[in-house]
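The values are calculated or read from the model by the stated rules, or taken from the named source; none is laboratory data. All figures in this text were calculated on a predicted structure; none of them were measured in a lab. Glycine gets a Cβ as well: all are built from the backbone with ideal geometry, and neighbour counts include every protein chain shown.
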Amino acid sequence: MYRILILFCLLVLAGCSADQADSVPAENSATAPATSTAPAAAPPEAPAPALSEEDLVAAIRTTYANTEAALQAGKLRRDSFAYLCEETEGGLVLYSDQGTIRLVTHWQVMGDHGGETERLYFEEEDLVFYFREESSWQFGGPTQTTIDGTLVPGTIDKFTEDRLYLHDGELIRALTKSYEMRSWEDDVDPDSVPNKPDPEAEAPTWTYDFFQRLKTTQSVDCAGLGL
């Protein structure tokens, strides 16, 4: 009887141990603590590299080409203004697209022997390209005979062209060229004359706001023109 009692106790203890083992969740069981599946935070993006001068100039030339194409296609509204300030005569033409000025042309007579023209190209109200041609003429060279036999004095026409590229109001590239045309010689092809860097060039003083006010008031302010 004593042996049977001891055997019975051993069987009871073994059964309790098995139940406790079965109650411990397996490592891969559904009741095991869940591991995080959230993606790791992305590293901060590196700042975009600054555009080079060549990149900026290429973008400006694209703006120039797009504006010229719109102008040739007749897609830009035209507002023109003539002025006479003291002894200076000139005119301005504003070309707009949906109320935004994209191109301004300006001409000015400087006495009897010269004048200048300017073309200003805007991108989102920022001046990005400026072209200026100044011309003058004088008598010079040999006398020439016209078809009807009239003798006329020779003339010399002088031209200077400036091309300025701007970004955020800063001048990033300045080019200039000069050439002459003599009445007794064949005309010079301006495209054959190379541009040269102009280290003394300065950004134009024209502002988008000045032209916007001109468009609104429909009146040229001589003081605003510096005349």
Requested in this report: Might you let me know whether region 82-91 holds any residue that is touching a Gly at 6+ places or on another chain (Cβ under 7 Å), of a type in the set (Ser, Thr, Tyr) and loosely packed, with under 13 Cβ neighbours inside 10 Å?
Outcome: no
Report task. State whether the residues of region 200-223 include one that is charged (D, E, K, R), under 25 Å from Met110 (Cβ atoms) and either in contact with an Asp or Glu (Cβ under 7 Å, 6 or more places away or on another chain) or surrounded by 15 or more Cβ atoms within 10 Å (Cβ to Cβ) (or both). Result -> no
Report summary line: Every listed condition ((1) within 30 Å of the chain's Cα centre (by Cα); (2) small (Gly, Ala, Ser); (3) exposed (fewer than 13 other Cβ atoms within 10 Å of the Cβ); (4) farther than 21 Å from Val57 by Cα) holds for Ser135 save (3)
**Report entry** The one condition in (1) loosely packed, with under 10 Cβ neighbours inside 10 Å; (2) at pLDDT 95 or above; (3) aromatic (Phe, Trp, Tyr) that Tyr2 fails to fulfil
**Finding:** (2)
Query raised in the report: Out of region 82-98, which residues are under 14 Å from Phe122 (Cα atoms) and in contact (Cβ under 8 Å) with a residue 40 or more places away in the chain?
Result: Leu94, Ser96
Query raised in the report: Do any residues in region 53-78 that are without any contact (Cβ under 8 Å) to a residue 40 or more places away in the chain have Cβ atoms under 9 Å from those of residues that are of a type in the set (S, T, N, Q) and assigned to a helix (DSSP H, G or I), where the two are at least six apart or on different chains, and which pairs are they?
Result: Leu76/Thr67
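What about Asp148, is it among the acidic types (Asp, Glu), out of contact with any Lys or Arg (no Cβ under 6 Å at 6 or more places or on another chain), exposed (fewer than 15 other Cβ atoms within 10 Å of the Cβ) and more than 28 Å from Phe210 (Cβ to Cβ)?
Yes; evaluated as a whole, the condition is true for this residue.
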